[in-house]
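Take a look at the structure set out below.
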């Protein structure tokens, strides 16, 4: 990159707002998906919407590609830099701008860490509902870009149900203010369109989100199984019985072992083949009824024990174990590939078994920990990125899992996004016409394809569209 | 030296890059920059080991120096990364390949090889520091002098006298313990050492202090001087072996965390490994020991007179030793009016000699702590480590605050023998 451009950007962002030393840039070469990496030319860390807009204007003029990044905890390569491009991070934009407890919304900067919002509003009897497992690190901007989920999204819905407004800096540095908190958007729902656009429509700098009242009663059950199939079946039964707990999470044996060895040891019994973590919230009578019904179902399916958290501290511990599961897998191998498929909830048992079979065939170590209530599986494959052959087998296993799931009526991603990881697999669920339609929407936001290029839409579709547009 | 020997390569592989450490890291909180986070630093260490980055790269050293080694990241790392040990070996690797400026090298040699290795030099430098502070001559020392002036006044020689070798139990005898007198603690906070003895003997323990012991080597290790740290570890082990299997009580969180890790530090030393492990098993923090042997009743009235207390977890006690409940329990037992300090497990910015080496960063980290203290409404900040003690005292002084700082031992001494911890002026 030309020195004058770097200088110009440094003038806008200040010394602390720009990283250009090759050594420091290394740390930005991947996000939570360490499998893929590319060193960016620069990292920009603006503090405000205005700084962000001015920097993007320069990048627009210079035709430089931009990859947005929150905390870099994503698992699909959404924040993997692109060759010759810069990374624009929101890590220094973390102020809470406004809290309105009566109208129940908060306006925050995009780099605010998810859990910090809940901490800021819990005294008011409110919380921010989407709770990705990485909520102690990930940012609300990243959550909006990826339309993140979390265990409690089973009841509350994923991020898109909670984002009311946005301030977006577009590819050319213009600012789109969509921050009026409207429950029912008028005209095209651009906010809805932006959420889940994986950094390809622009950079969100401010977010207005819905706050949810803290439930009167929250109860947590831990059902212990000697058989993973039985745990899956009891979830299918609970769904069929039209029960509405706020979360239904399954952890298998390997995951339990990893978590129990970690600082987040939650007291999951090590001899269990699987545990089902259940949370129910609401008014007391309703909660008790649902709990009784769920206890009956899990016991019928062979749970050998059902424990109820006796205090808020115990409940927190049970959840910390679940949320630390990804990191805890670091005890098994240096790297972890986390798949993110969604399966019909009537087919949990057979598709979980299918993932196990695929991993076994490829001589890979697989653990399953998943949002069972949503049918959102996370087959976790442990590997070592220094072993090229193993890496290739991991990628093939990931692809095969997606094929099997899609063939059974499922989908590619529950919450991690498509990024680069699942890009080619988009063609499994969408025809070229569908993908071209997506591409046209993207063209409207980012005609030069400079915002997070090379992600989400399969390469052949992009190329085809480009060729069609070119005058002959 | 091979690149992979410059860092603890095997440990870098434990990191799975999940990012859960980011929010707890004081330097990431300040900068929002990935290379200034635990995950980022591990990424750099791994890059050095794998030959992707030269260990002589200035930014590599910059990021390692910037780290406070508070180990907060360890408390939230699901993969069990032992960052404290990693940063120590990375810093050791760094001194092997990088040449610091002559003055810096001289200062390190003076500090680590002379002052922290001899009681005489230690005491002489404390006297010199006091002289420079009182006469204002510290101003002539530039940046170092400013840091010196910002420190609390070094106490007079009379308060820095070594403890007697043996102190008999003052209550029905329940056993005996060995106590670490420490280096900084003796020179800067002799009153804390005396309060510690008062409490230990007051609850029925004969207390032995090895004469002529100088330093446990924690500061050396934290700064990557691992060979010197091993020397001092061996000397410390030998000094305390004279007291059989008695518990080794320390009132300094940094020393306690370090000494509990001697087994790890000397793991490759066949002659000392087992002695080190045996030693480490005997080490307890003052609060752990007293909580396990607390008297049923303290006289609680005197502690109430101190005002409202709040406890700030020293990093190397909560993150380094997982001791969180005991100090709080003891304060309750002593009848303290106590409020919780928000974010008590966050680093105060002292970090051993970090506050002297990087005063601006140290103060930036402290700012959030001061705000939390002011919001707590407490009059007294209770700590359990000399570095934090000093950081809070200078911080209060700078802010013009009337709040005072007490070590947990001083509060408990007050509860046992009423007049001890009253405000002395």
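No lab work stands behind these numbers, since they all come straight from the coordinates. All of these numbers come straight from a predicted model, not from anything done at the bench. Virtual Cβ from ideal backbone geometry, glycine too; neighbours counted across all protein chains shown.
Treating each Cα of segment A:350-411 as one equal point scatterer and applying the Debye formula with no solvent, the log10 of I(q)/I(0) at q = 0.18, 0.23, 0.24, 0.25 Å⁻¹ comes out as -0.61, -0.94, -1.00, -1.07.
Sort out for me the Cα centre separation of segment B:11-59 from segment A:48-72, rounded to whole Å. The two parts, judged by their Cα centres, are 24 Å apart.
In the protein assembly as shown, the DSSP beta bridges split such that about 70 percent are antiparallel, to the nearest 5. Legend: calculated FRET efficiency, residue A:350 to residue B:56, from the Cβ-Cβ distance at R0 = 45 Å, rounded to 0.05, equals 0.20.
Once you have a ≥ b ≥ c as the square roots of the Cα gyration tensor eigenvalues for segment A:106-168, tell me rounded if a/c is under 1.5, and otherwise prolate or oblate according to whether a/b is larger than b/c.
rounded
Comparing B:182, B:320, B:400 in a Gaussian network model of chain B, where Cα atoms under 10 Å apart are tied by springs, the biggest mean-square fluctuation is seen for B:400.
Segment A:232-289 and segment A:113-164 have Cα centres spaced 20 Å apart. Just to be sure I understand: with springs between alpha-carbon atoms less than 10 Å apart, which residue in B:103, B:317, B:163 has the highest mean-square fluctuation in the Gaussian network model of chain B? Top of the fluctuation ranking is B:103. Label-to-label distance for residue B:141 and residue A:312 is 4.8 nm, based on points extended 7 Å past Cα in the beta-carbon direction. The relative contact order of segment B:159-291 comes to 25 percent, based on Cα pairs under 8 Å that sit 6 or more residues apart. When you restrict to C-alpha pairs under 8 Å that are six or more residues apart and normalise by the size of chain A, the relative contact order lands at 15 percent.
The angle between the Cα long axis of helix B:359-376 and the main principal axis of chain B comes to about 40°, on a 0 to 90 degree scale. Diffusion coefficient of segment B:159-291 by Stokes-Einstein, Kirkwood radius over Cα pairs, 10 °C, 1.306 mPa s: 107 µm²/s. Counting Cβ atoms of other protein chains within 10 Å of each Cβ in A:330-337 and taking the mean gives 5. Diagonalising the gyration tensor over the Cα atoms of segment B:3-97 and scaling each eigenvalue by 5 before taking the square root yields semi-axes of 19, 14, 11 Å, largest first. Classify the protein assembly as shown as rounded, prolate or oblate, taking a ≥ b ≥ c as the square roots of the eigenvalues of its Cα gyration tensor: rounded when a/c is under 1.5, otherwise prolate if a/b is larger than b/c and oblate if not. Taking the square roots of the gyration eigenvalues as a ≥ b ≥ c, the protein assembly as shown is prolate. Kindly express, to the nearest 10 degrees and within the range 0 to 90, the angle between helix A:284-300's C-alpha long axis and the longest C-alpha principal axis of chain A. Here the helix axis deviates by roughly 70 degrees. Here chain B yields Rg over Rh of 0.95, to two decimals, using C-alpha coordinates and the Kirkwood radius. Each label was represented as a point 7 Å from its Cα along the Cα-to-Cβ direction; for residue A:101 and residue A:177 these points are 2.8 nm apart. Take every pair of alpha-carbon atoms less than 8 Å apart whose residues are at least six positions apart; their mean separation over the length of segment A:96-213 yields a relative contact order of 32 percent.
Where is the GNM fluctuation largest for chain B (alpha-carbon springs, 10 angstrom cutoff): B:63, B:88, B:393? Sorting by GNM fluctuation, first place goes to B:63.
From helices alone, chain A scores -10500 deg cm²/dmol at 222 nm; the rule is -39500 (n - 2.57) for each run of n ≥ 4 DSSP H residues, then divide by the residue total. Estimated from the Cβ-Cβ distance and a Förster radius of 45 angstrom, the FRET efficiency linking residue B:404 and residue A:11 is about 0.45.
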